[in-house]
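J.: The structure is given below, and queries will be raised subsequently.
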Amino acid sequence: MRLKVVWVGKSREEWVKDSLADYAGRIRRYTPLELIDIRDEKGALAEEMRRRECERLEKQIPAGATLVLLDERGDQMDSPGLAAFVGKQRDCGTGDLVFAIGGAYGFSDDFRRKGRLLSLSRMTFTHQMVRVFLLEQIYRAFTILNNEPYHH
Ligand SMILES: C[S@@+](CC[C@H](N)C(=O)[O-])C[C@H]1O[C@@H](n2cnc3c(N)ncnc32)[C@H](O)[C@@H]1O
């Protein structure tokens, strides 16, 4: 199973870049991982920016991929639950598992219907923070699947 995490806009803060590099390296011990940032929009109405950004996100999703959209209004899971989900995808032959994180204005309604919505909390985080939280949770999921002493 190939893993892809796609997000809107560059990661600018050093602490975000360092954390992403750290967790990406850890995840790659278990599975191939691609991190993609797509260009963010500026200067248009929020709805139009969402539409254009989601069009670009969509181009990054391989045919037949399982798509998970990070969205504060989505379903919540605990870490063992995410591990079980990732393990099921891996074991049932999913070729590509894609996680998408929106930009400052989130996803268009059309795009939100294309995947499973996953919430990390009912609170809204910055899109930069969510990148780090998600990669840490994916790493945690693999340690749970491999019975390694990281999740207590
Ligand atoms: C600043 S938020 C956008 C908030 C916007 N109100 C919306 O409707 O999505 C940017 C992105 O971060 C992610 N995000 C922020 N908080 C989240 C949470 N609690 N759970 C999951 N994803 C979250 C989502 O992908 C969101 O599109």
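The values are calculated or read from the model by the stated rules, or taken from the named source; none is laboratory data. Only a predicted model underlies this, so the values are computations on that prediction, with no experimental measurement involved. Positions of Cβ are generated from backbone atoms using ideal geometry, with glycine treated the same way; all protein chains shown enter the neighbour counts. The protein model used for the area step is the full one, side chains on, heavy atoms only, and it has no ligands, DNA or RNA in it. Shrake-Rupley method; radii C 1.70, N 1.55, O 1.52, S 1.80 Å.
J.: If you roll a 1.4 Å probe over the heavy atoms of the protein chains, what accessible area per residue do you get for the chain, in Å²? Write down the numbers at each step before the final one.
T.: Numbers: 8190 Å² over 152 residues.
The answer is 54 Å² per residue.
J.: Carbon and sulfur: what percent of the chain's accessible surface (1.4 Å probe)?
T.: 48
J.: Let me ask something additional. Considering amide H positions built from the backbone, and no H for Pro or chain starts, which residues 5 or more places from ASP40, or on another chain, come under 5 Å of its amide H?
T.: GLY9, LYS10
J.: On to the next question. Can you give the net charge of the other residues whose Cβ lies under 14 Å from the Cβ of SER79, counting K and R as +1 and D and E as -1?
T.: Result for the neighbourhood of SER79: -2.
J.: Can you name the helices of the chain, as whole DSSP H runs, whose Cα span along the helix axis is 15 Å or more and whose Kyte-Doolittle mean is not below 0.0?
T.: Span-like helices in the chain: 127-145.
J.: Extension gain GLU13-ASN146, at 0.36 nm per residue separation less the Cα-Cα distance, in nm?
T.: On the way: separation 133, 0.36 × 133 = 47.88 nm, distance 3.17 nm.
Roughly 44.7 nm would be gained on extension.
J.: In the Gaussian network model of the chain, springs joining C-alpha atoms below 10 Å, which of ILE138, ILE38, ILE101 carries the largest mean-square fluctuation?
T.: Checking each option, the largest mean-square fluctuation is seen for ILE38.
J.: Something else about it: How far apart, in nm, are two points set 7 Å out from the Cα along the Cα-to-Cβ line at SER121 and at PHE133?
T.: Simple spin-label model gives 0.5 nm for this pair.
J.: First measure r as the distance between the Cβ atoms of ARG28 and GLU48, then evaluate 1/(1 + (r/R0)^6) with R0 = 22 Å and state the FRET efficiency to the nearest 0.05.
T.: 0.05
J.: Could I ask something else about it? Mean projection of the alpha-carbon convex hull of the chain over all orientations, in nm²?
T.: Averaging across all directions leaves 8.8 nm² for the Cα convex hull.
J.: Something else now. Can you find, among THR31, ILE144, GLY115, the residue sitting farthest towards the positive end of the charge dipole of the range 2-152, where Lys and Arg contribute +1 and Asp and Glu -1 at Cβ?
T.: Toward the positive end, the furthest listed residue is THR31.
J.: Here's something else I'd like to know. First select every other residue whose beta carbon is under 13 angstrom from the beta carbon of THR124; then total the charges, Lys and Arg +1, Asp and Glu -1.
T.: Numbers: positive: ARG73, ARG122; negative: ASP71, GLU72.
Around THR124, the charge tally is 0.
J.: With springs only between Cα atoms under 10 Å apart, run a GNM on the chain and tell me which of ALA24, ALA63, ALA100 wobbles the most.
T.: Looking only at ALA24, ALA63, ALA100, the largest GNM fluctuation is found for ALA63.
J.: On each of the three principal axes of the Cα atoms of the range 1-91, give max minus min coordinate, whole Å, ordered largest first.
T.: Principal extents (Cα only, largest first): 42, 30, 26 Å.
J.: A follow-up question, please. Mark the label point 7 Å from the Cα of GLU55 along Cα→Cβ and return the residues of the range 1-20 whose backbone N is within less than 19 Å of it.
T.: Residues 7-9 fall inside that zone.
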